[in-house]
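Chemist: This is the structure, below, for whatever I ask next.
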Amino acid sequence: MRKLSMSKAIREAMHEEMVRDENVIVIGEDLGKMGSPFGVTLGFLDEFGPNRVIETPICESGFTGMAVGAAMRGIRPVVELMYVDFVGVAADPIINQAAKMRYMTGGQVSIPMVIRAPMGAGRRNAGQHSQCLETYFTHIPGLKLVCPSTPAEAKGLLKAAIRDDDPVVFLEHKLLYADKGEMPEEEQVIPLGLANVKREGKDVTIIAWSRQVLFALEAAKELEKDGIDVEVIDLRTLVPLDWEAIKKSVCKTHNVVIAQEGYKRSGFAGEIATQIMEELFDELDSPVERVAGLNTVPPYSPPLEDVFFPNSNDIVRAAKKVVSYKLYEGAH
């Protein structure tokens, strides 16, 4: 089985979809000769031409709005925001137009577009280029949201996103672009809304997405040394959310840790924790624990940035806390 980096897996997914469907286009800044800041569309301009590889000025609101209009006419745009931090500039076409169009037209108009964006800290890119803002999108009805953790899943999920008839936000962690993983030889289209149990266990469930999945798996190995058997669930898509996978795991382990890189305050981990409390309270042996980024602007300083986002050590501490809770409180 061949290995491919995540950036090349994403490139491959877009290339195959552009070959398969002439209505698929890409649009954004520096996508042509530069091939995007991370090289994902390198060579696309020569192969598909300027009508399908549209290089734009620095105007996120403008080219995202153009993509919404194109999608209304049957084109399938893949929009690239250079960094997710710039989503505020394109907020109106995404939140007020793309997300609402199917509902406000009574289903007469669909918006089959994908909005790709790199996210995440770890590259010393400071406050305006390092955020994880997935929670912004989960709050808006009408948007689907994908946050992959491996190259194969990124490719399979992106194919599904491009073929979807509704707007899909596809967020890629910058520090995962170089990570390599095994790729299936046959085409794999992964349906949106299905989580993946990356590791089965019986003592505690760790729910994560994007880069935090890797930290969760590292934490699971460390916790195994202390006899703690960890189940790791990679949500893969936050909207739609695979609630059945979460429910099944919680009912098995009775302890839950949710790991996200984004800010802790009002983060999506809190939404999942609340839903678990509302619907599965009697299954819990301990309070749900959240591991998340600090409520501060992402620092430029390397030592400070390393403290800013959570890692496997933080997840280990959280897991030990929830597992030991029942020993002292006598729960369940």
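The values are calculated or read from the model by the stated rules, or taken from the named source; none is laboratory data. The structure displayed is predicted, hence computed values, not measured ones. Please note: Cβ atoms are built from the backbone with ideal geometry, for glycine as well, and neighbour counts cover all protein chains shown. Only protein heavy atoms, including side chains, enter the accessible area calculation; ligands, DNA and RNA are left aside. Shrake-Rupley method; radii C 1.70, N 1.55, O 1.52, S 1.80 Å.
Chemist: Looking only at residues that are among the charged types (D, E, K, R) and open to solvent by 10 Å² or more (accessible area, probe 1.4 Å) in the range 154-173, which one is nearest to Gln97 (Cα to Cα)?
Modeler: Ranking the candidates gives Asp166 first.
Chemist: A follow-up question, please. If you check Ser61, Ser110, which single one turns out to be in contact (Cβ under 8 Å) with a residue 40 or more places away in the chain and among the polar types (S, T, N, Q)?
Modeler: That would be Ser110, the only listed residue that is in contact (Cβ under 8 Å) with a residue 40 or more places away in the chain and among the polar types (S, T, N, Q).
Chemist: Every residue in the range 7-28 that is out of contact with any strand residue (DSSP E or B) (no Cβ under 7 Å at 6 or more places or on another chain) and open to solvent by less than 10 Å² (accessible area, probe 1.4 Å), please.
Modeler: Ala9, Ala13
Chemist: Determine whether Glu279 is surrounded by fewer than 15 Cβ atoms within 10 Å (Cβ to Cβ), charged (D, E, K, R) and in contact with a Phe, Trp or Tyr (Cβ under 9 Å, 6 or more places away or on another chain).
Modeler: Answer is yes for this residue.
Residues checked against (1) out of contact with any His (no Cβ under 9 Å at 6 or more places or on another chain); (2) closer than 16 Å to Pro37 by Cβ; (3) open to solvent by 40 Å² or more (accessible area, probe 1.4 Å):
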site	(1), (2), (3)
Ile54	yes, no, yes
Pro57	yes, yes, yes
Glu60	yes, yes, no
Ala67	yes, no, no
Leu81	yes, yes, no
Asp92	yes, no, yes
Gln97	yes, no, yes
Tyr103	yes, no, yes
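Chemist: Can you tell which of Pro310, Pro298 is part of a loop (DSSP other than H, G, I, E, B) and under 17 Å from the mean Cα position of the chain (by Cα)?
Modeler: Pro310
Chemist: Could you tell me whether the range 80-87 includes any residue that is assigned to a helix (DSSP H, G or I), under 19 Å from the mean Cα position of the chain (by Cα), over 23 Å from Glu22 (Cα atoms) and acidic (Asp, Glu)?
Modeler: Yes, the range 80-87 contains at least one residue that is assigned to a helix (DSSP H, G or I), under 19 Å from the mean Cα position of the chain (by Cα), over 23 Å from Glu22 (Cα atoms) and acidic (Asp, Glu).
Chemist: May I ask you to verify whether Thr41 is surrounded by fewer than 22 Cβ atoms within 10 Å (Cβ to Cβ), in contact (Cβ under 8 Å) with a residue 12 or more places away in the chain and hydroxyl-bearing (Ser, Thr, Tyr)?
Modeler: Here the answer is no, as Thr41 does not meet what is asked.
Chemist: Now for a separate question. Restricting attention to the range 189-205, which residues are among the charged types (D, E, K, R) and either surrounded by fewer than 17 Cβ atoms within 10 Å (Cβ to Cβ) or farther than 8 Å from Asp229 by Cα (or both)?
Modeler: Lys198, Arg199, Glu200, Lys202
Chemist: Can you pull out every residue in the range 39-73 that is of a type in the set (A, V, I, L, M, F, W, C) and either within 16 Å of Ala90 (Cα to Cα) or touching a Pro at 6+ places or on another chain (Cβ under 9 Å) (or both)?
Modeler: Those that are of a type in the set (A, V, I, L, M, F, W, C) and either within 16 Å of Ala90 (Cα to Cα) or touching a Pro at 6+ places or on another chain (Cβ under 9 Å) (or both): Ile54, Ile58, Cys59, Phe63, Met66, Ala67, Val68, Ala70, Ala71.
Chemist: OK, next. Restricting attention to the range 132-148, and to residues there that are out of contact with any Phe, Trp or Tyr (no Cβ under 6 Å at 6 or more places or on another chain) and aliphatic (A, V, I, L, M), which single residue is nearest to Ile94 (Cα to Cα)?
Modeler: Here the residue is Ile140.
Chemist: Let me ask something else about it. I'd like to verify a number: residues in the range 106-123 that are modelled with pLDDT under 95 and outside any loop (DSSP other than H, G, I, E, B), how many?
Modeler: So the count comes out to 0.
Chemist: Under 9 Å between Cβ atoms, at least 6 apart or on separate chains: pull out the pairs that start in the range 234-255 with a residue that is part of a helix (DSSP H, G or I) and end on any residue that is among the basic types (Lys, Arg) and open to solvent by 20 Å² or more (accessible area, probe 1.4 Å).
Modeler: Lys252/Lys202; Thr253/Lys202
Chemist: Of the residues Leu238, Leu214, only one is under 29 Å from Lys174 (Cα atoms) and open to solvent by 40 Å² or more (accessible area, probe 1.4 Å); which?
Modeler: Only one candidate qualifies: Leu214.
Chemist: Next up: Report the residue count in the range 262-295 for those that are over 18 Å from Val204 (Cβ atoms), hydrophobic (A, V, I, L, M, F, W, C) and not in a helix (DSSP H, G or I).
Modeler: Counting residues in the range 262-295 that are over 18 Å from Val204 (Cβ atoms), hydrophobic (A, V, I, L, M, F, W, C) and not in a helix (DSSP H, G or I) gives 1.
Chemist: With (1) part of a helix (DSSP H, G or I); (2) in contact with a Pro (Cβ under 9 Å, 6 or more places away or on another chain); (3) open to solvent by less than 10 Å² (accessible area, probe 1.4 Å) as the list, and Ala259 as the residue in question, which single condition is left unmet?
Modeler: Exception for Ala259: condition (1).
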